[in-house]
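Encoded as structure tokens, the structure appears first; notes follow it.
The numbers here are math on the coordinates, done by the rules we state, and not lab data. Keep in mind the model is a prediction, meaning the values are calculated, not measured. Because the Cβ atoms are built from the backbone with ideal geometry, glycine has one as well, and the counts that use them run over all protein chains shown.
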Amino acid sequence: MALTAPAAAPSRARAGWLVSPAYDLAWFSGPALLAAAIALLLPDGAALGLLGWLALVVLVDVAHTWATLYRAWLAPDVQRERPGLLWGVPLAAFGGAVTLHSLAPTWFWTVLAYVAVFHFVRQQQGFAALYRARAGLPRAALEARVEHATVAMLCVFPVVWWHAHLPRAFAWFTPTDFLVGLPGWAVSIAGVVTAGLFATWAALRLRSRTWQPGRDLWVLSTAASWSVGIVLTNGDAAFTLANVVAHGVPYFALVHHVGRRQWADGEGALSPRWFAPAALGAFLALPLLGALLEELAWDALVWREHLFSPADLPDWVATLAVPALATAQLTHYLLDGYLWRLGPPGTGLRRWVLG
């Protein structure tokens with residue numbers, strides 16, 4: 001199915017959806033629910049394997065970070081309004097990575113993992129906020145505040161549970177990423193808070209007497225992907241499938257949607273063919289190329305576990321390579337919160353996202 005969205009759709013057809021029923025189900029909540037269902041069927045301990053690594057890690061997870069190019073350095077509005085951010089963040093990310101990795105490589109991976117978790121949680125909250133904006137729900141409304149906290153805890157509770165059940169058969173980056181020793185009572189408190197928030201959110205949604213399926217499915221798909229990938233299964237394949245698909249695929253789809261609307265507004269930086277409904281390959285070419293080159297370098301210079309045979313490389317190679325290769329991910333993590341702020345009514349991004 002091509003990443004298509006009408007330039008303008010009847011409000012009744014779009015009610016409760018960010019773009020349209022077909023688009024949202026195909027690219028936002030649908031992939032997360034499908035990935036969670038498949039992950040549940042995988043046996044415990046199932047490894048990702050080379051093909052799984054290529055398909056999920058390289059072509060979805062790493063590639064979606066490179067799709068930031070379309071919303072940042074190739075977006076004229078961002079270039080005009082935030083040039084210092086575009087160039088300052090990568091330099092700061094690289095400098096911080098070099099400093100931390102040279103002082104304590106283990107702590108480098110721990111910090112990177114927690115920054116990644118925070119970014120993943122914020123994306124789930126961000127999509128929920130877009131749905132609420134589409135529905136016209138004020139940010140200060142009780143229902144909005146409860147939903148914001150609920151989405152966060154639907155992600156945080158599985159991570160807290162994970163901390164109390166280390167080690168697992170999967171890891172974010174390395175087996176020693178997370179801090180150990182979290183007591184069981186912390187999991188209980190997080191569980192009670194999560195259950196209470198979810199029940200309150202459900203009650204408020206029922207009281208509103210408005211069915212907004214895209215928004216509601218986004219919250220439910222968040223619960224499914226995070227609980228299945230971390231708590232209900234215990235394997236690298238299940239964790240990566242549930243985690244990566246729910247995060248990377250919606251991001252690709254949102255970038256493509258905004259790119260098409262940006263071109264319709266005369267604000268495009270690339271050929272409009274890149275965002276045409278039938279030109280999905282052209283749109284994906286740039287991020288996929290960046291991901292393939294990055295992961296090829298990771299495997300050749302650091303991990304040597306997929307395409308290259310194990311070998312003892314000089315320490316200075318990792319000291320230089322790891323911070324340099326991590327800069328693209330860190331930049332994506334740090335920039336994203338700024339790049340997707342809708343701004344006041346009438347501004348470009350708000351028009352392109354919400355119509």
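Before rounding to the nearest 500, sum -39500 (n - 2.57) across all DSSP H runs of length at least 4 in the chain and divide by the residue total; then give [θ] at 222 nm in deg cm²/dmol.
Taken over the chain, the calculation gives -22000 deg cm²/dmol.
Convex hull over the Cα atoms of the chain, averaged projected area in nm²? Show your work: numbers first, answer last.
On the way: hull surface 72.4 nm².
Computing the convex hull of the Cα atoms and averaging its projections yields 18.1 nm².
Farthest toward the dipole's positive end in the chain, which of PRO90, LEU48, HIS306, given Cβ charges of +1 (Lys, Arg) and -1 (Asp, Glu) about the Cα centre?
PRO90
Using R₀ = 25 Å, calculate the FRET efficiency as 1/(1 + (r/R₀)^6) where r is the Cβ-Cβ separation of ALA104 and LEU320; round to 0.05.
On the way: r = 16 Å, r/R0 = 0.65.
Rounded to the nearest 0.05, the efficiency is 0.95.
If you rank VAL78, VAL245 by fewest surrounding Cβ atoms within 10 Å, what's the result?
By the 10 Å Cβ count, ascending, the order reads VAL78, VAL245.
Take peptides 139-147, 28-36 and line them up by average Cβ neighbours within 10 Å, highest first, as a rough protection proxy.
The densest-packed peptide leads the list: 28-36, 139-147.
Could you tell me whether the range 199-355 comes out rounded, prolate or oblate from its Cα gyration tensor? Rule is a ≥ b ≥ c as square roots of the eigenvalues, rounded for a/c under 1.5, then prolate if a/b exceeds b/c, otherwise oblate.
oblate
Which residue, ALA321, TRP162, THR150, has the largest displacement toward the positive end of the dipole of the chain when charges sit on each Cβ (Lys, Arg +1; Asp, Glu -1)?
THR150
Quick check on the exposure proxy: order TRP226, TRP107 from fewest to most C-beta atoms within 10 angstrom.
Ordered by Cβ neighbours within 10 Å, fewest first: TRP107, TRP226.
Could you put PHE308, PHE127 in order, starting from the residue whose Cβ has the fewest other Cβ atoms within 10 Å?
Exposure proxy ranking, most exposed first: PHE308, PHE127.
Taking the alpha-carbon centroid of each part, what is the distance from the range 67-101 to the range 115-151 in angstrom?
For the range 67-101 versus the range 115-151, the Cα centre distance is 24 Å.
Just for the Cα atoms in the range 46-105, what are the lengths along the principal axes, largest first, rounded to whole Å?
Over the range 46-105, Cα extents along the principal axes are 46, 34, 11 Å.
Could you give the length gained by full extension between ALA202 and LEU179, i.e. 0.36 nm per residue of separation minus their alpha carbon distance, to one decimal place?
5.0 nm is the gain from fully extending ALA202 to LEU179.
About its Cα centre, how strong a charge dipole does the range 21-354 have in debye, to the nearest 20, once Lys and Arg get +1 and Asp and Glu get -1 at the Cβ?
Result for the range 21-354 is approximately 1440 debye, rounded to the nearest 20.
Would you mind calculating the gained length between ARG145 and GLN79 on full extension (0.36 nm times residue separation, minus the Cα-Cα distance), in nm to one decimal?
Working: separation 66, 0.36 × 66 = 23.76 nm, distance 3.20 nm.
20.6 nm is the gain from fully extending ARG145 to GLN79.
Treating the beta-carbon of each Lys and Arg as +1 and of each Asp and Glu as -1, no other charges, what is the dipole magnitude of the range 82-209 about its Cα centre, to the nearest 20 debye?
Dipole of the range 82-209, to the nearest 20 debye: 580 debye.
Given the options GLY346, PRO76, LEU296, identify the residue whose Cα lies farthest towards the positive end of the charge dipole of the chain (+1 on Cβ of Lys, Arg; -1 on Cβ of Asp, Glu).
Going by the Cα projections, it comes out as GLY346.
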